[in-house]
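Structure, as structure tokens:
Any read-out appearing in this document is the output of simple, stated calculations on the displayed coordinates, not a laboratory observation. Quick caveat, the model's predicted, so the values are computed rather than measured.
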Amino acid sequence: MQRAAKKEFGKLLKAVRNDRGFTLRQLAESAGMRHPNIAALESGRLSAGPEISEKLANTLHLRDTHKKEFLMQAANTRQNPFLKELAGCPAIIANLLGGYMLRKKIDPNRITNFACLQLPSLFPHMSPSLHVWLAWLDTDVSMGMGLKREISDHLRNHPGEEALLVIFLPKGRQFLLAVNGKEF
């Protein structure tokens with residue numbers, strides 16, 4: 001199934017690239033990539049990660065529904081079904097999670113769930129556009145979504161911090177990752 005998804009995404013990428021008048025080399029240069037990688041994506045030999053997908057969508061000037069569809073097709077090329085959820089979040093969140101997992105040497109296939117939570121549902125005085133992204137590693141969502149007091153306090157005291165990711169770990173451990181690198 002993943003192989004078929006890679007082929008389908010490759011066809012989509014090539015069609016959009018051609019429709020926008022880019023050669024392989026032009027798209028690669030504009031997206032800050034190497035042209036053999038674009039060719040590998042188009043032929044279905046390579047999966048499209050969240051950062052690459054976002055770069056390509058932006059370079060190809062995809063907007064709204066077209067961009068969402070493109071990112072979802074790219075997400076389908078990835079192995080872990082929960083990584084597909086990353087297609088709906090900002091690239092910075094995907095990079096925070098990916099960077100954390102890389103630093104901690106955690107296999108991405110350990111993600112058991114991924115969700116977005118609007119902060120006003122927790123703290124009514126906050127902007128309705130502020131979101132916290134949640135990821136569960138080796139834990140079940142039924143273990144709860146309750147945030148540790150330190151994390152709740154941080155969220156309450158830093159309402160302007162846009163890119164936030166809470167990672168739920170086994171034994172009730174939690175990490176809050178923010179663009180500025182704070183961990184709890």
For residue 60, residues with placed amide H under 5 Å, excluding near neighbours: none
5 angstrom amide H check on residue 174, placed H, neighbours 5+ away: 169
Sorted largest first, extent of region 1-53 alpha carbons per principal axis (Å): 30, 21, 17
Net lengthening on full extension, residue 67/residue 30 (0.36 nm per residue, minus Cα-Cα): 11.6 nm
